[in-house]
Amino acid sequence: MEFATRSIHAAQPAEGGTGALVAPIFQTSTFEQQAPGIHQGFDYSRTNNPTRARLEAVLAELEGTAHAAVFASGLAAVNAVLQAYLKPGDGIVVPLDVYGGTYRILTRVFGPAGCVVHQVDLSDGDAVARVLTPRTRLVWIESPTNPRLLVYDIAALSRAAHAAGALVVVDNTFATPVFQQPFGLGADLVVHSVTKYLAGHSDLIQGAVLARETDVFEPVKFLQNATGAVPSPFDCWLTLRGLQTLELRVERHAANAEAIAAALERHPLVRRVYFPGLPAHPGHEIARRQMTGFGGMVSFELDGTVEDVVPFVSSRRFFTLGESLGSVKSLVCHPARMTHASIPAAEREALGLSDTLIRLSPGCEHHRDLVTDLTEGLDAVGAGRRKETIVV
Ligand SMILES: Cc1ncc(COP(=O)(O)O)c(C=O)c1O
């Protein structure tokens with residue numbers, strides 16, 4: 001079955017009993033038992049819930065496995081993997097540009113508890129090899145990354161990690177299972193901020209962990225119930241609805257991103273465009289190999305100052321200024337003042353995060369409206385600058 005067909009049909013039969021084409025929302029905390037411990041597979045909704053179970057089955061189908069557990073947020077999903085696999089003295093390897101929330105929980109929660117965090121340039125195989133030891137439990141990959149959309153070689157990193165006895169986790173939030181299937185590339189675990197493309201409509205917070213093997217999944221599944229960070233049946237139902245259009249949406253996101261990247265490249269006020277689909281992007285060749293599309297995100301550096309960026313990002317017609325990504329509605333973000341503001345300026349510079357870097361999450365609007373909105377904004381920056389020159 002092709003991906004689009006799977007996202008509509010797999011694990012989604014009509015509801016037994018009523019024949020309802022759309023599964024009901026099982027908004028219940030508990031379930032009647034026939035005798036103590038005798039029930040129909042559900043006893044308490046923190047442990048298991050039919051709406052959540054259906055979502056987990058669909059997500060598993062889309063990532064090409066049999067094991068999925070959903071959580072109340074992407075970070076709760078990240079936490080479950082870390083808690084399951086990192087014990088005091090264990091090591092984890094993460095990319096330099098790992099998602100800020102993952103960096104925070106590692107350095108503020110797991111680091112102080114005795115775990116050793118190695119932040120490494122994952123495109124440098126020697127640097128990765130230098131930090132891999134018998135105590136390394138996890139190699140954590142994001143690809144493409146935030147906000148420069150760097151791409152790392154999941155298959156090569158998996159080989160190196162496995163040779164050292166470590167498990168490989170891929171945060172597949174930016175790529176989605178439509179464009180990237182990490183289990184086929186060697187990953188042992190996949191995490192998602194479902195909040196983004198999977199749910200797709202900026203109306204909920206949710207996360208997921210998937211595993212290829214039963215024994216790797218079990219500790220995560222245990223923590224889902226034991227720590228209790230589960231999403232509501234209603235939020236699971238919303239995600240089930242969103243997933244049916246996942247491929248349609250991300251194909252439109254990606255086509256819009258491509259049109260925007262091309263237009264930005266041509267604009268004189270744009271110093272640099274980050275989009276894995278551009279041949280000049282450092283991860284372009286790997287992306288071509290390991291992805292079936294280049295994703296829906298674009299970032300660029302404005303050739304100007306922070307003072308130019310603020311009015312540009314604050315006054316777009318179709319790009320709402322806000323954190324998050326992957327929604328049908330376009331979003332724009334200024335990492336230096338928003339998502340990455342807590343990183344000291346010198347560190348940001350070392351990471352290549354310029355103060356005039358702007359991150360775009362094109363939605364599903366028409367690409368001409370989005371491109372016009374952006375070029376009008378850039379032209380306005382240029383016009384403002386010319387006026388200043390005349391006044392001086
Ligand atoms: C790559 C990535 N992973 C994990 C998360 C955390 O997800 P959530 O915000 O749903 O907790 C985010 C959130 O932005 C993210 O971008």
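Each reported figure results from applying straightforward, stated rules to the coordinates on display, with no laboratory input. Bear in mind the structure is a predicted one, so any value in this text is a computation, not a measurement. Cβ placement follows ideal geometry from the backbone for every residue including glycine, while neighbour counts extend to all protein chains displayed.
A few remarks follow.
- Karplus (6.51, -1.76, 1.60) ³J(HN,Hα), θ = phi - 60°, over region 359-366, in Hz, Gly and Pro reported as x: 10, 10, 10, x, x, 9, 5, 6
- Cut-off of 10 Å, at most 16 other beta carbons, DSSP loop: longest stretch of the chain lacking such trypsin sites (Lys or Arg not before Pro): 136-316
- Simple Cβ-charge dipole of the chain, Lys/Arg +1 and Asp/Glu -1, about Cα centre, in debye nearest 20: 260
- Proximity of backbone amide H atoms, modeled 1.01 Å from N, is registered between residue 195 and 74, 206 at under 5 Å, excluding neighbours fewer than 5 places apart on the same chain.
- Shown in residue order for region 151-168 are the 3J(HN,Hα) couplings computed by the Karplus curve 6.51 cos²θ - 1.76 cosθ + 1.60 at θ = phi - 60°: 10, 10, 7, 5, 5, 5, 5, 5, 4, 5, 5, 5, 4, 8, x, 9, 8, 10 Hz (x for Gly and Pro).
- Shown for 284, 334, 340: other C-beta atoms within 10 Å of each C-beta, ranked fewest to most, produce the order 284, 340, 334.
- Net charge over other residues, Cβ less than 11 angstrom from the Cβ of residue 96 (K, R count +1; D, E count -1): -4
- In region 189-275, Cα pairs under 8 Å separated by at least six residues give a relative contact order of 26 percent.
- Split the chain at each of the GluC sites (Glu not before Pro) in a DSSP loop with at most 13 other beta carbon atoms within 10 Å, and the longest piece is 33-322.
- Here the label points at residue 328 and residue 66, each 7 Å from Cα along the C-beta direction, are separated by 3.6 nm in the simple model.
- Chain lengthening between residue 159 and residue 11 when straightened (0.36 nm per residue, less Cα-Cα): 50.1 nm
- Charge tally in the Cβ shell below 13 Å around residue 371, where Lys, Arg are +1 and Asp, Glu are -1, residue 371 excluded: -3
- For residue 136, residues with placed amide H under 5 Å, excluding near neighbours: 91
- Environment charge at residue 327 (Cβ cut-off 14 Å; Lys +1, Arg +1, Asp -1, Glu -1): +2
- Karplus-derived HN-Hα couplings along region 237-252 (A = 6.51, B = -1.76, C = 1.60, θ = phi - 60°), whole Hz, x at Gly and Pro: 5, 4, 5, 4, 5, x, 5, 5, 10, 4, 5, 4, 5, 5, 5, 5
- For 73, 327, the sequence from fewest to most other C-beta atoms within 10 Å is 73, 327.
- Taking the chain and dividing mean pair separation by its residue count, relative contact order in percent (alpha carbons under 8 Å, at least six apart): 16
- With both labels modelled 7 Å from their Cα along Cα-to-Cβ, the residue 126 to residue 265 distance reads 3.2 nm.
- Residue 202 long-range amide H proximity, modeled H, under 5 Å: 328
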